[in-house]
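Student: Okay, handing you the structure first.
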Amino acid sequence: MIIDIHGHYTTAPRALEAWRKRQIDALGDPAAAPRAGELSISDDELRETIEANQLKKMDERGIDLTIFSPRASFMAHHIGDFATSAVWSAICNELCHRVACLYPDRFAGAAMLPQSPGADPRTCVPELERCVKEYGFVAVNLSPDPSGGHWTAPPLHDRSWYPVYEKLVEFGIPAMIHVSSSCNPCFHTTGAHYLNADTTAFMQCLTSDLFADFPTLRFVIPHGGGAVPYHWGRFRGLAQELGKPPLREHLLRNIFFDTCVYHQPGIDLLTRVIPVDNVLFASEMIGAVRGIDPETGFAYDDTRRYIEAAPHLGPGDRHKIYEGNARRVYPRLDALLSSRRRPA
Ligand SMILES: [Zn+2]
């Protein structure tokens, strides 16, 4: 199987965006806020947006299944307060759930959380619980910076995050550490903020002993780990100076990187530097970079080509990257896939 662990519903019907605009316009006047029930999207509309986009590309590229979460840049936790995020998260998660129900062999859901600047992360637990228990979601996206580029939240090792981690461990689901749009003009959302956050999250874990407290907690750091693989020597050296164990021991039992790196040399570096057991196939297709690379003639985000062409990877390595690691890191996905296998 080829499992893409990083897909977002970037092509959701326009009505979703229109509803969100009404929600934002009503921020100063709660009485004018739209109710969740006022958003009406039919199954046919969902099918149209999926079949012409994600599913089409998955078929073209030979991707069997995508772990599918709400559009990351639209999470925009910095808008409004917890109540704003709670309604918005519930709506977006439900749409991903409906897509997974329409195409149960092709999509598995992952949740966005109703985070909000200054709100106790504990407030996200009920939505997390709902998405796992009611929807059968296999992962969540957790933003280390709900402020949208101002970094006002405590680092990921702060104990205020622990109630979320306790729930993740209890359910056996990983968190993809994923920020949303930047409202700080210094940081371009997908070109700077995302990659900064990936690097920052890794360093927050490095300086702490978070995984001593949560030995089975798993984080997936997307976009190839930001600057981490490229600067692996720096991180190893910093860990050494801080008296931490070697990174393989300190972090690589718990931290995994995806392959959303949009050129061959980048994938080659990622898969040479980071142990293959810690690399998960992903494309984040129809996302940040949607164009065709004139140097190759193929879409930048067609990451399967790079994995196929990486000269040092053997069939066993590719199997781990495409399927094996995902089934280990996302045990609820593994259970879902195993339960579908018909008895002989
Ligand atoms: Zn993403």
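Student: Along its three principal axes, how long is the range 285-325 when you only count alpha carbons? Whole Å, largest extent first please.
Tutor: 31, 20, 9
Student: What is the order of R340, R236, fewest Cβ neighbours within 10 Å to most?
Tutor: Values: R340 9, R236 16.
With the fewest neighbours first, R340, R236 line up as R340, R236.
Student: Taking Cα pairs under 8 Å and at least six residues apart, what relative contact order does the range 256-332 come out at, in percent? Provide the component values of the computation, followed by the final result.
Tutor: On the way: 92 pairs, mean separation 28.0, N = 77.
Averaging sequence separation for qualifying contacts and normalising by length gives 36 percent for the range 256-332.
Student: Still on this structure, please answer the following. How do D44, D293 line up, fewest other C-beta atoms within 10 Å first? Write out the running numbers ahead of the final one.
Tutor: Working: D44 8, D293 16.
Lowest to highest Cβ neighbour count: D44, D293.
Student: What does the convex hull of the alpha-carbon atoms of the range 204-318 project to on average, in nm²? Don't skip to the answer; put the middle values down first.
Tutor: Values: hull surface 30.8 nm².
Average of the hull's projected areas for the range 204-318 equals 7.7 nm².
Student: Shifting gears a bit: Nothing charged except the Cβ atoms of Lys and Arg (+1) and of Asp and Glu (-1): what's the magnitude of the dipole of the chain about its Cα centre? Round to the nearest 20 debye.
Tutor: Numbers: 35 positive and 41 negative charges, 113 e Å.
With only Lys, Arg, Asp and Glu charged at Cβ, the dipole is about 540 debye.
Student: Before anything else, pin down the relative contact order of the chain: Cα pairs under 8 Å, at least 6 apart, normalised by residue count, whole percent. Mind dumping the intermediate values first?
Tutor: Numbers: 601 pairs, mean separation 55.9, N = 344.
Worked out over the chain, it gives 16 percent.
Student: From Cα coordinates alone, what are the radius of gyration and Dmax values for the range 198-269 in angstrom?
Tutor: For the range 198-269, the Cα-based Rg and Dmax read 12.1, 37 Å.
Student: Output the direction-averaged projected area (hull surface divided by four) of the convex hull of the alpha-carbon atoms of the range 162-223, in nm². Can you show the working numbers first?
Tutor: Details: hull surface 18.8 nm².
Averaged projected area of the range 162-223's Cα convex hull equals 4.7 nm².
Student: Which number do you get for Rg(Cα) / (2.2 N^0.38 Å) in the range 253-344? Walk me through the intermediate numbers first.
Tutor: Working: Rg = 14.6 Å, N = 92, 2.2 N^0.38 = 12.3 Å.
Its radius of gyration relative to the 2.2 N^0.38 Å reference: 1.19.
Student: Among H78, W19, I5, whose Cα projects farthest towards the positive end of the dipole of the range 1-90, with charges put on the beta-carbon of Lys, Arg (+1) and Asp, Glu (-1)?
Tutor: H78
Student: Then there's this: For the range 224-241, in order, what is each residue's ³J(HN,Hα) by Karplus, 6.51 cos²θ - 1.76 cosθ + 1.60 with θ = phi - 60°, in whole Hz (x at glycine and Pro)?
Tutor: x, x, x, 8, 4, x, 4, 10, 3, x, 4, 5, 4, x, 5, 4, 4, 5
Student: Let me ask something else. How large is ³J(HN,Hα), in whole Hz, for each residue of the range 110-126 in order, when computed from phi with the Karplus curve 6.51 cos²θ - 1.76 cosθ + 1.60 and θ = phi - 60°, using x for Gly and Pro?
Tutor: The phi angles translate into 9, 9, 8, 10, x, 6, 7, x, x, 7, 4, x, 4, 5, 7, 4, x Hz.
Student: If you count the DSSP beta bridges with both ends in the chain, what percent of them are antiparallel, to the nearest 5?
Tutor: Roughly 10 percent of the beta bridges in the chain run antiparallel, per DSSP.
Student: With n ≥ 4 as the cut-off for DSSP H runs, can you work out [θ] at 222 nm for the chain, using -39500 (n - 2.57) per run divided by the number of residues, rounded to the nearest 500?
Tutor: Values: 16 runs with 138 residues, N = 344.
Computed ellipticity for the chain at 222 nm equals -11000 deg cm²/dmol.
Student: I need the P(r) histogram for the range 1-156: all alpha carbon pairs, bin width 5 Å from 0 out to the longest distance, whole percents.
Tutor: Per 5 Å bin, starting at zero, the Cα-Cα P(r) for the range 1-156 comes out as 2, 9, 19, 21, 20, 15, 9, 5, 1, 0 percent.
Student: A further question follows. If neighbour count is taken as other Cβ atoms inside 10 Å, put L280, L39, L65 in order from fewest to most. Intermediate results must be reported in sequence, preceding the final value.
Tutor: Working: L280 29, L39 18, L65 24.
By the 10 Å Cβ count, ascending, the order reads L39, L65, L280.
Student: Between C183 and residues 5 or more places away or on another chain, which pairs have amide H atoms under 5 Å apart, with H built 1.01 Å from N, and which residues are they?
Tutor: G149
Student: Amide H of G109 versus every other amide H placed in the peptide plane: which residues, excluding those fewer than 5 positions away on the same chain, fall under 5 Å?
Tutor: Under 5 Å from the amide H of G109 lie the amide H atoms of F68, V138, each far enough along the sequence or on another chain.
Student: Can you give the charge dipole size of the range 155-225 about its Cα centre, rounded to the nearest 20 debye, using +1 on the beta carbon of Lys and Arg and -1 on the beta carbon of Asp and Glu? Please report the intermediate quantities before stating the final value.
Tutor: Numbers: 3 positive and 6 negative charges, 29 e Å.
Dipole about the Cα centre, nearest 20: 140 debye.
Student: If you don't mind, there's one more thing I want to ask. For the range 105-187, what value does the Rg/Rh ratio take when both radii are computed over Cα atoms and Rh is the Kirkwood radius, given to two decimals? Show your work: numbers first, answer last.
Tutor: Working: Rg = 13.2 Å, Rh = 13.3 Å.
That ratio equals 0.99.
Student: Sticking with this one: Quick query: amide H of H6 versus all other amide H atoms, modeled in the peptide plane; which residues come in under 5 Å with a sequence gap of 5 or more or a different chain?
Tutor: I67, S283, E284
Student: Rounded if a/c is under 1.5, else prolate if a/b beats b/c, else oblate: with a ≥ b ≥ c from the C-alpha gyration tensor eigenvalues square-rooted, which is the range 150-283? Each step should come with its number before you reach the end.
Tutor: Numbers: a/c = 1.36, a/b = 1.10, b/c = 1.24.
Cα axes put the range 150-283 in the rounded bin.
Student: Tell me, what is a quarter of the convex hull surface for the C-alpha atoms of the chain, in nm² with one decimal? Write down the numbers at each step before the final one.
Tutor: Numbers: hull surface 71.3 nm².
Average of the hull's projected areas for the chain equals 17.8 nm².
Just so you know, all these numbers are worked out from the coordinates, no wet-lab data involved. Note that this is a predicted model, so its numbers are computed, not measured. A quick note on method: Cβ atoms are made from the backbone with ideal geometry, for glycine too, and the neighbour counts reach across all protein chains shown.
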